[in-house]
1. On the basis of being at pLDDT 75 or above and over 11 Å from the mean Cα position of the chain (by Cα), does residue 129 make the cut?
2. Would you pick out the residues in segment 4-29 that are within 16 Å of residue 94 (Cβ to Cβ) and outside any helix (DSSP H, G or I)?
3. What pairs come up if the first residue lies in segment 15-40 and is closer than 16 Å to residue 61 by Cα, the second is part of a loop (DSSP other than H, G, I, E, B) and at pLDDT 85 or above, and their beta carbons are under 6 Å apart, counting only those six or more places apart or on different chains?
4. Name, by its number, the condition in (1) loosely packed, with under 11 Cβ neighbours inside 10 Å; (2) part of a loop (DSSP other than H, G, I, E, B); (3) modelled with pLDDT of 65 or more; (4) out of contact with any helix residue (DSSP H, G or I) (no Cβ under 7 Å at 6 or more places or on another chain) that does not hold for residue 47.
C-alpha cells in the first residue's frame, strides 16, 4: 500500500489559507469536495488487511486508533450539541496533525509539541487564550480585575 502524499494532490498552504477564510458550510463543502477522498463504500478499513480496497492517489478515512467508532464510549449523542462539537474538535485536531506533518517534511528532527496548546501556538501563531480574553474584556469595557484576579494586559 502506498501512502497518499498530500502535496501531490493540492498545495497544503493554499488549502489552509482557503479553509481559514471560509465562513459558511457551503464554502467548507466546496473546498472539501476538491479533495480526492475514497468514500466509505470504496474503502473500509480492515485492521487485518488494510491493503484490501486501498485506492492509490485518494485520501482514505482510517479511524483513530483503528477503532471504527467511539460514539458510544464518549456518549456522543447524549446531548444535541455533542455530535457537532465532536466533529469540530476532530477537524481542529486534523489541522494540527497536518501542520505537524508539514513541519516534519521541512525538518524531520523537529521537536514534538508537548501539548495541543503548544502545537496551536507553534503552528498557528495564536496568543494564549487568556490574552485573547483580556483583550476582549478591554474592548467590551469590562474590568478584568473585577474578578479579583490581578491581570496585566501588557503581558500579552
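The values are calculated or read from the model by the stated rules, or taken from the named source; none is laboratory data. Nothing here was measured: the structure is a model prediction, and the numbers come from that model. We place every Cβ from the backbone using ideal geometry, glycine too, and count neighbours over all the protein chains shown.
1. In short, no.
2. Of everything in segment 4-29, those that are within 16 Å of residue 94 (Cβ to Cβ) and outside any helix (DSSP H, G or I) turn out to be 4, 10, 22.
3. Close Cβ pairs satisfying both conditions: 36/58; 38/55; 38/58.
4. (4)
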